[in-house]
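Engineer: If you scroll down you'll find the structure; I have some questions about it.
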Amino acid sequence: MIRLVIAISLTLLSFSSRAQIFPDFETDSITTSTLVASSYISSSEGWMADEAGVVWHTTDAAESWSPVCDGIYLREMDFKSALVGYGISSAAAYKTINGGISWSQLLLPGAVGSALYFLDEFTGFISGYGVIYKTTDGGSSWTTISIEGISIVDYFFFNDAVGIAVANDDDSFQTIWRTTDGGATWSSVYGQEKYFFHSVWFTSETAGFAAGYYAKTGRGKFPVIHRTDDGGLMWQNVYMNRDPGDRRGEEFFEIRFSNQLEGFALASYSESVSTLDGGLTWHFTRDEEGNEVIPDWGVYKTLGGFN
């Protein structure tokens, strides 16, 4: 069963054996505020942050939630253990060493961006505007890495040296980047016109996915998923919805896999999709009557995952 917590929090993706439909969703309401960020360290333990500044914690796979902190307005979180986690708001970066009960602000070299990713409790990255900040001592100090004026929106490292990032770049469409030296330097590996990506996820050191949209002139946005089978060097489109149900168009803004076969791409409105065959084919997340089981739009949605 997949559990939904208001704005989509998946502790572990577990799909029905009926491959095309999702009849066994369960919806819980833990807060009247919109949930905007999530992070899980296992299939049972995770955290959610809402727009009212409350951080929530579960240790029983989302069966129950408890508020652990109030007054911290996080939009991204990344916990690395039951005690140590990192987060960013619209203006600052934070760290907790007591499971989210209290947070201390981290001193960055410049303005915080929209993404963070930590390899472990000590080494991690936070995006800035045209730069990446890297720490190897748990946020006590930071180095600044220039990346040609683009803004990173999501990271994924499949070892301590090789990682992939997706980025905003309206001018030259350099939207997927790769590092082989632990983030010290980055090179552009994908830059097709009018393709934009919000999220990246790998199921192995070779197989990975980037989700976002294609901007079709006069038609809005088409949701797209790209795949790589060589560790992020080459990318090809494996899914595009050329007729999104909403006239405003659609875009995927998060993609997650629970294992090498089962994955989920979350859409901005009503065209979320899933896969049961490692991303070879994708199907709408609809019930037996054909109704979309994910909330349509008007709220933030977040997929929690662990790897």
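The numbers here are math on the coordinates, done by the rules we state, and not lab data. As the structure is a prediction and not an experimental result, all values here were calculated from the model. Heads up, the Cβs are rebuilt from the backbone with ideal geometry, glycines too, and the neighbour counts pull from every protein chain shown.
Engineer: Using only the alpha-carbon atoms of segment 39-166 as identical scatterers, what base-10 log of I(q)/I(0) does the Debye formula give at q = 0.10, 0.19, 0.20 Å⁻¹?
Structural biologist: Debye curve over Cα of segment 39-166, log10 I(q)/I(0) at q = 0.10, 0.19, 0.20 Å⁻¹: -0.30, -1.04, -1.14.
Engineer: Just the Kirkwood number for segment 136-195, please: inverse of mean 1/r across all distinct Cα pairs, in Å, one decimal.
Structural biologist: Radius from the Kirkwood sum: 12.3 Å.
Engineer: Quick one: if the Förster radius is 51 Å, what FRET efficiency do SER141 and ARG247 give, using the C-beta to C-beta distance and rounding to 0.05?
Structural biologist: Using R0 = 51 Å, I get an efficiency of 0.55.
Engineer: I've got another one for you. Can you tell me how much longer the chain between GLN105 and ASP277 gets when fully stretched, taken as 0.36 nm per residue apart minus their C-alpha distance, in nm with one decimal? Numbers along the way, then the final one.
Structural biologist: Working: separation 172, 0.36 × 172 = 61.92 nm, distance 4.21 nm.
Once the chain is fully extended between GLN105 and ASP277, it gains 57.7 nm.
Engineer: For labels at LYS216 and GLU148 in the simple 7 Å Cα→Cβ model, what's the distance in nm?
Structural biologist: Result for the modelled spin labels: 2.9 nm.
Engineer: I need the phi-derived Karplus couplings for segment 137-149: 6.51 cos²θ - 1.76 cosθ + 1.60, θ = phi - 60°, integer Hz, Gly and Pro marked x.
Structural biologist: 10, x, x, 5, 9, 9, 10, 9, 10, 7, 9, 6, x
Engineer: If you take the beta carbon distance between ASP287 and LEU261 as r and set R0 to 22 Å, what does 1/(1 + (r/R0)^6) give as a FRET efficiency, to the nearest 0.05?
Structural biologist: Result of the calculation: an efficiency of 0.55.
Engineer: Would you list the P(r) distribution for segment 178-291, with all Cα-Cα distances sorted into 10 Å bins from 0 and each bin expressed as a whole %?
Structural biologist: 14, 45, 30, 9, 1, 0
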